[in-house]
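J.: Have a look at this one.
The values are calculated or read from the model by the stated rules, or taken from the named source; none is laboratory data. This structure is a prediction, so every number in the text was calculated from the model and none was measured. Cβ coordinates were reconstructed from backbone atoms using ideal geometry, including for glycine residues, and neighbour counts include every protein chain displayed. Remember, those area values only see protein heavy atoms, side chains included, never the ligands or the DNA or RNA. Shrake-Rupley method; radii C 1.70, N 1.55, O 1.52, S 1.80 Å.
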Amino acid sequence: MTDPDTGTPQVLILGGTGEARALAAALADTDIFFISSLAGRVNNPRLPVGPVRIGGFGGIDGLRNWLLGNRIGAIVDATHPFAATITANASEASATTGIPMLRLRREPWTPTAGDRWTQVPDLHAAAAEVRRRGTRVLLTTGRQDVGVFAGIDSAWFLIRVVDPPTADLPPHHEILRSRGPYDLESELGLLRDNRIDLLVTKNSGGPLTHAKLEAAAGLGIDVIMVDRPAEPDVPTVSDVGAAREWLRRVNLA
């Protein structure tokens, strides 16, 4: 989509994150033409302001063709820190089309005094830690990743997800469907009521679900923290203001 009067190239914002929605809101009162793209993996997602497309592009070739066919002038990848495939595809499409790309990514969480973290490189390492240590586990790694823990029969899992899991489940579990943000008091109650002794989560960063880490620290509960995957070497910022400034530098803001 472009300005029907001038044909001005627009900005593609990738992601259904809070950062993506905030950037769309920040651009809505400008003369920039933009479109947001959501993967469509979450039912009833929170939609940003402005035009939205939902669904995949069909890999790198599909994304490249879509960018050129829609006269995209810049890409802002504001996807989740663990959405490694679309970030890699966007980087490759940017490199081969010459369309500039920016990564808008929230800062990761960092441990503070009182935190009892074990940082692991991936979900398989997290599952190994659960086998070794956990008996009652709060699992908040997302519905698509539950299958990594399906073979663990030595622990009970409280699996918190927005939508139902799409993978095999561990034999002893309960599904809790809910959507953040969460507050400290409710997270303390959840951990106490379910006698949780181990929290497994990804290092998503941001304030939306940080309260679970505060609650775990307050109760002396161990946390298995899955590190973020490596990302392509592209310009990266962590706030919407910096993203707007980058768009201004590439003559789109």
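J.: Scan the range 229-249 for residues that are farther than 20 Å from residue 145 by Cα, part of a loop (DSSP other than H, G, I, E, B) and acidic (Asp, Glu) and jot them down. Spell out the reasoning first.
T.: Taking the range 229-249 first, the residues farther than 20 Å from residue 145 by Cα are 232-249.
Retained after the next criterion (residues that are part of a loop (DSSP other than H, G, I, E, B)): 232-235, 238-239.
Listed by number, the residues that qualify are 233, 239.
J.: Could you identify the single residue in 167, 155, 128, 150 that is without any contact (Cβ under 8 Å) to a residue 12 or more places away in the chain and assigned by the TED database to the domain that holds residue 191? Step through it out loud before you land on a result.
T.: Values: 167 fails: without any contact (Cβ under 8 Å) to a residue 12 or more places away in the chain; 155 fails: without any contact (Cβ under 8 Å) to a residue 12 or more places away in the chain; 150 fails: without any contact (Cβ under 8 Å) to a residue 12 or more places away in the chain.
Every option except 128 fails the conditions.
J.: Moving on. Here are some conditions: (1) open to solvent by 30 Å² or more (accessible area, probe 1.4 Å); (2) part of a helix (DSSP H, G or I); (3) β-branched (Val, Ile, Thr); (4) not assigned by the TED database to the domain that holds residue 234. Residue 96 meets all but one. Which one does it not meet?
T.: Answer for residue 96: the failing condition is (4).
J.: When you go through (1) loosely packed, with under 13 Cβ neighbours inside 10 Å; (2) outside any loop (DSSP other than H, G, I, E, B); (3) modelled with pLDDT of 95 or more one by one for residue 110, which number turns out not to apply?
T.: (2)
Here is a yes/no grid of residues against (1) part of a helix (DSSP H, G or I); (2) in contact with a helix residue (DSSP H, G or I) (Cβ under 8 Å, 6 or more places away or on another chain):
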position: 126; (1), (2): yes, yes
position: 139; (1), (2): no, yes
position: 144; (1), (2): yes, no
position: 154; (1), (2): no, yes
position: 157; (1), (2): no, yes
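J.: A further question on this structure: Looking at this structure, is residue 88 in the same structural domain as residue 239 (by the TED database) and under 22 Å from residue 40 (Cα atoms)?
T.: Against the criterion (in the same structural domain as residue 239 (by the TED database) and under 22 Å from residue 40 (Cα atoms)), residue 88 qualifies.
J.: Anything in the range 209-230 that is touching a Lys or Arg at 6+ places or on another chain (Cβ under 7 Å) and either modelled with pLDDT under 95 or of a type in the set (D, E, K, R) (or both)? List them, or say none.
T.: Hit for the range 209-230 is 222, nothing else.
J.: Still on this structure: Just to be sure, is residue 163 in a helix (DSSP H, G or I) and in contact with a helix residue (DSSP H, G or I) (Cβ under 6 Å, 6 or more places away or on another chain)? Please lay out each step first, then the result.
T.: Working: in a helix (DSSP H, G or I): no; in contact with a helix residue (DSSP H, G or I) (Cβ under 6 Å, 6 or more places away or on another chain): yes.
In short, no.
J.: Now, a different point. I need a count of the residues in the range 191-228 that are surrounded by fewer than 19 Cβ atoms within 10 Å (Cβ to Cβ), assigned to a helix (DSSP H, G or I) and in contact (Cβ under 8 Å) with a residue 40 or more places away in the chain.
T.: 2
J.: Could you say which residue among 27, 68 is open to solvent by 60 Å² or more (accessible area, probe 1.4 Å), more than 19 Å from the chain's Cα centre (by Cα) and not aromatic (Phe, Trp, Tyr)? Steps first, answer last, please.
T.: Numbers: 27 fails: open to solvent by 60 Å² or more (accessible area, probe 1.4 Å).
Only one candidate qualifies: 68.
J.: Is it the case that some residue within the range 41-59 is of a type in the set (Gly, Ala, Ser) and modelled with pLDDT of 95 or more? Explain how you work it out, then say what you get.
T.: Just the residues of the range 41-59 that are of a type in the set (Gly, Ala, Ser), to begin with: 50, 55-56, 58-59.
Those still in the list that are modelled with pLDDT of 95 or more too: none.
Among the residues of the range 41-59, not one is of a type in the set (Gly, Ala, Ser) and modelled with pLDDT of 95 or more, which makes the answer no.
J.: Still on this structure, I have one more. In this structure, does residue 135 turn out to be open to solvent by less than 50 Å² (accessible area, probe 1.4 Å), assigned by the TED database to the domain that holds residue 205 and of a type in the set (Ser, Thr, Tyr)?
T.: Numbers: open to solvent by less than 50 Å² (accessible area, probe 1.4 Å): no; assigned by the TED database to the domain that holds residue 205: yes; of a type in the set (Ser, Thr, Tyr): yes.
Judged against the criteria, residue 135 is not a match.
J.: Which residues, taken from the range 213-253, are of a type outside the set (Gly, Ala, Ser) and farther than 30 Å from residue 27 by Cβ? Full working, then the answer.
T.: Just the residues of the range 213-253 that are of a type outside the set (Gly, Ala, Ser), to begin with: 213-214, 219, 221-229, 231-237, 239-240, 244-252.
Matches in the range 213-253: 213, 214, 219, 221, 222, 223, 224, 225, 226, 227.
J.: Sort out which residues of the range 166-190 are under 23 Å from residue 218 (Cα atoms) and either among the charged types (D, E, K, R) or in a loop (DSSP other than H, G, I, E, B) (or both), and write them in order of number. Spell out how you get there, then give the answer.
T.: So in the range 166-190, the residues under 23 Å from residue 218 (Cα atoms) come out as 176, 178-190.
Passing the criteria: 178, 179, 180, 181, 182, 183, 185, 187.
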